[in-house]
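See structure below.
Values in this text are rule-based calculations from the coordinates and carry no lab data. As the structure is a computational prediction, the values presented were derived from the model and not from experiment. Methodologically, a virtual Cβ is constructed for each residue, glycine included, from the backbone with ideal geometry; neighbour enumeration extends over all protein chains shown.
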Amino acid sequence: MDYLKQSIRRLGKRCLYGAIALIVATGLVATTPQPSKADINLFDLIFNGIQYIQLSNLSNEQEVDLGQQTDRALKRQGVRIYNRNPEVVNYVNEIGQRLAATSDRTNIPYTFQIVQDDSINAFATSGGFVYLHTGLIRAADTEAELAGVIAHEIGHIVGRHSVNRMREITLANGIVGALGVSQDDLVNIGVQLALFLPNSRTAEYEADELGYFNMGRAGYDQRGLISFMENLSGGTPEFFSTHPDPGNRVNRLREMYAESHQAGATYGNNPEIYRSKMSSL
């Protein structure tokens, strides 16, 4: 909640709490009036270092840069990155990079980080950044289950869901100027999306499907994603507050597995090996 208050102050809000979406939209409008064509002075923009981005034709390089800035903003606002045990950090990164290499979007770098937080959650931002809570890593029983979560988050990046949500918010609330949207505003929106705003059901379904098939290509047992969601669906509000509709999603994944699963993809099913590698977490 301290973070939310800081976000409200930073975005210039002076009213009571409302819906987070309204905080993002109204706050950005209040603090960053977009210039009309008549008011634009390119020399002033260059002198002040203001950068504007056109979301409609965002390049991979721009998206990665936006992800890097969002990553720094998240850490400034208290997201604590776990780095106590390099073996655990490297193990998670190896799983992530294995899946990134077989994903449908291999032309950007991927960064996998562990967040020191006992709640069971994970999220992805623009530009290839994936965050996994220590609580979620402990909740997984096997490497295949953790790989399922990571593959799902990579699916959000492949689908550019964060960028699409940014576009929806800026267009719906009229904060797109003649030059686009200021980079600072997009970073603020990116932080809110990562920490507070749930993904749409459509985005979740797409990330599930992309992640499911990516697991098979990487050699992981695709049942890992299904079993992880089954185990959590009864009592993990943190995860499903940002990843909605668990019941229907599990049913869809079961149907996918019944209809099509990668032959020979059985890697990552040994719980003893997983617990041994994660014992120091």
note = For region 125-131, in residue order, the Karplus 3J(HN,Hα) values (coefficients 6.51, -1.76, 1.60; θ = phi - 60°; whole Hz; Gly and Pro = x) are 10, 5, x, x, 9, 10, 10
ask   = What order, most packed first, do the peptides 186-194, 71-79 have when packing is the mean number of other Cβ atoms within 10 Å of each residue?
value = 186-194, 71-79
inquiry  = Along the charge dipole of region 181-225, pointing to its positive end and built from +1/-1 on Cβ of Lys, Arg, Asp and Glu, which listed residue (ALA207, ILE189, GLY219) has its Cα farthest out?
reply    = GLY219
ask   = What ranking, highest mean first, results for peptides 107-113, 273-279 when packing means the other Cβ atoms within 10 Å averaged over each residue?
value = 107-113, 273-279
ask   = When ranked by the protection proxy of mean other Cβ atoms within 10 Å per residue, highest first, what sequence do the peptides 116-126, 136-146 form?
value = 136-146, 116-126
